[in-house]
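Written out below as structure tokens is the structure these notes cover.
The values are calculated or read from the model by the stated rules, or taken from the named source; none is laboratory data. Everything numeric here is computed off the predicted structure, so don't read it as measured data. Note: ideal-geometry Cβ built from the backbone for every residue, glycine included; neighbour counts use all protein chains shown. When the accessible area is computed, the model is the full protein with side chains, heavy atoms only, and any ligands, DNA or RNA have been set aside. Shrake-Rupley method; radii C 1.70, N 1.55, O 1.52, S 1.80 Å.
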Amino acid sequence: MLRRLGGCAIALALLLPTQAMASPPSSPDARVGSAVTKSRTVKLGHKPVRATTATKVRLTFKGRKGQLVHLARVDAADECGGRTLRSGGKTVKPWAQGYWRLPRTATYTAINKPCRTGEKTSVKLQVRRVVREDRLLEDAPIDVGANQRVTHLVPFRVLDGERAGLSGTDRIALIRPDRSITRDVAPDQTGFTVGSGTGAVGHDVPSPAGRYFLEVAPRAQVSLFVTMLRTVSVDGAPVVVPAGRYARLAFTGQAGQWIYPELTVATTGASATSHRLTNVVTPSDEFLPAVSVPCPGATCAATGVTQLPVSGTYVVSVPISPGDDVAVSVRVRSALRAAPATVDGPPVSLTATSPGQWVVSDLPELPRDASGGSGVTMTASNASPSLTDWRVRAVSGYGPCNPGLFNDCFDIHGAPNAFTLSPTTLSSPVPWDTFAHQAVAVLAVPPGVTGSLDLALTRPPSGS
């Protein structure tokens, strides 16, 4: 089976006398000084020629105009030395490192230069025809052919402002639009940022947009996924994320600011909203704790609200899940701050003054009483007629999350320390603060809706 190629970049330069073209099929190895040259006449896809990294190897073959050929270092542990191709006394310009597009039908000699440094190791060389597989499209895995005597290249294209990632069954080589090659890349580690002006969104090295090729082993399977990269403003214009597409929206936030992604969809129903779960992360993908909120209304998706620990750049990450077959509109929003609620104090007004803007109120830390709870009840009242629907998500104690467990960054594991009020559930007992972390109440309103309601914390009268 064709094995993966390894190593570092190659310098392509070596002049070869035209007499080498007439080398017999099994000419003896020649020693000139301390240099060893091995010459063979071969056919494309021949049995690999064995040599060492200290040997110069010349492989002469016949090729047709327009063929793309590859001098493969089979099972090579490194890429030291150079590779070049000559015909009629002239050097053929490389298509990429070790690849050439043949300019005419003729006899060619592919030369593998010896390594000048490092320990001498064994190497196997093979001149192959290149087979271009079907274009790799998002969410459409490619099964590579089984022929082990050719080099399989899988093309795909990435646009400006996108980040591509790959998954597959074997290690690969990535050929970029400028024909530079990164070899020995693990398929689950090939995320890379492309396009201009996206460095603040992803933490990978930027690469140019354009056509890429994957050099893969026979019988391999590879898949492509693409992430949209955008830099947005808090409370700015929404971004439409197509169905089945990841998105990363970078924004600048302030310490203490409460941030939530406002998601809307063009259709209604569980199938349109249940497959998106956004989160706020740092540029290096560290999850921040969030209060999960069941978004009210028929056209918005459940999401969470996060308090930023320090001022700086953050990312709203919009993943996908199986069945995510509708586009969503995503807007990075900042929640308003209301006065803190106090036990037996005056009701606190939570007012959404801007359409779709949520409101956060701090709750007091509540100790455990003799009954095993806090002894406090939360009640919502005086909802504005304009609040066609609403939710108040209250969390009594939430804090640092485990970044290794995605769901642990949300308060869903805090039940029964979290509860929700709605137009049909206007009051609820408030749990005592199990974890001694921050406690908050969040008023969530549908996109485009404004209005207010009052929130009160009360204890029953003594002796009742």
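Using the structure shown, decide if Arg149 is among the basic types (Lys, Arg), open to solvent by 20 Å² or more (accessible area, probe 1.4 Å), out of contact with any Pro (no Cβ under 6 Å at 6 or more places or on another chain) and assigned by the TED database to the domain that holds Val216. Yes; evaluated as a whole, the condition is true for this residue. As for the range 143-153, it holds no residue that is basic (Lys, Arg) and at pLDDT below 90. Considering (1) modelled with pLDDT of 80 or more; (2) over 20 Å from Pro296 (Cβ atoms); (3) of a type in the set (A, V, I, L, M, F, W, C), the lone condition that Leu387 does not fulfil carries the number (2).
Residues being outside any strand (DSSP E or B) and either under 14 Å from Ala441 (Cβ atoms) or not hydrophobic (A, V, I, L, M, F, W, C) (or both): count how many of those fall in the range 361-396. Within the range 361-396, residues that are outside any strand (DSSP E or B) and either under 14 Å from Ala441 (Cβ atoms) or not hydrophobic (A, V, I, L, M, F, W, C) (or both) number 18.
Against the list (1) surrounded by 14 or more Cβ atoms within 10 Å (Cβ to Cβ); (2) over 40 Å from the mean Cα position of the chain (by Cα), the condition Val359 fails is (2). Arg163 fails exactly one of the following numbered conditions: (1) over 25 Å from Ala247 (Cα atoms); (2) buried (at least 16 other Cβ atoms within 10 Å of the Cβ). What is the number of that condition? Only one criterion is unmet by Arg163, namely (1). Across the range 110-131, the number of residues qualifying as of a type outside the set (A, V, I, L, M), in a strand (DSSP E or B) and out of contact with any Ser or Thr (no Cβ under 7 Å at 6 or more places or on another chain) comes to 4.
Applying the criterion of being among the β-branched types (Val, Ile, Thr) and open to solvent by less than 40 Å² (accessible area, probe 1.4 Å) to the residues of the range 235-267, the residue that is modelled with the lowest pLDDT is Val265. Can you tell me which residue is modelled with the lowest pLDDT among those in the range 278-334 that are outside any loop (DSSP other than H, G, I, E, B) and under 15 Å from the mean Cα position of the chain (by Cα)? Step by step, filter the range 278-334, then rank; the result is Asn279. Could you look through the range 132-159, keep only residues that are touching a His at 6+ places or on another chain (Cβ under 9 Å) and in a loop (DSSP other than H, G, I, E, B), and pick out the one that is farthest from Phe225 (Cα to Cα)? So, considering only residues that are touching a His at 6+ places or on another chain (Cβ under 9 Å) and in a loop (DSSP other than H, G, I, E, B), the one farthest from Phe225 (Cα to Cα) is Arg149.
With respect to the stated conditions, Thr182 is at pLDDT below 90, touching a strand residue (DSSP E or B) at 6+ places or on another chain (Cβ under 7 Å), assigned to a strand (DSSP E or B) and among the hydroxyl-bearing types (Ser, Thr, Tyr).
Beta carbons closer than 9 Å, at least 6 apart along the sequence or on distinct chains, pair a first residue in the range 233-248 that is outside any loop (DSSP other than H, G, I, E, B) with a second that is open to solvent by 50 Å² or more (accessible area, probe 1.4 Å) for Val239/Arg230; Val239/Arg331; Tyr246/Phe225; Ala247/Arg230; Arg248/Arg230. Candidates in the range 426-452 are the residues that are more than 29 Å from Val328 (Cα to Cα) and not in a loop (DSSP other than H, G, I, E, B); of these, the one that is modelled with the lowest pLDDT is Gln438.
Exactly one residue out of Ala110, Ala96, Ala140 is within 30 Å of Tyr246 (Cβ to Cβ), of a type in the set (Gly, Ala, Ser) and open to solvent by less than 10 Å² (accessible area, probe 1.4 Å), and it is Ala96.
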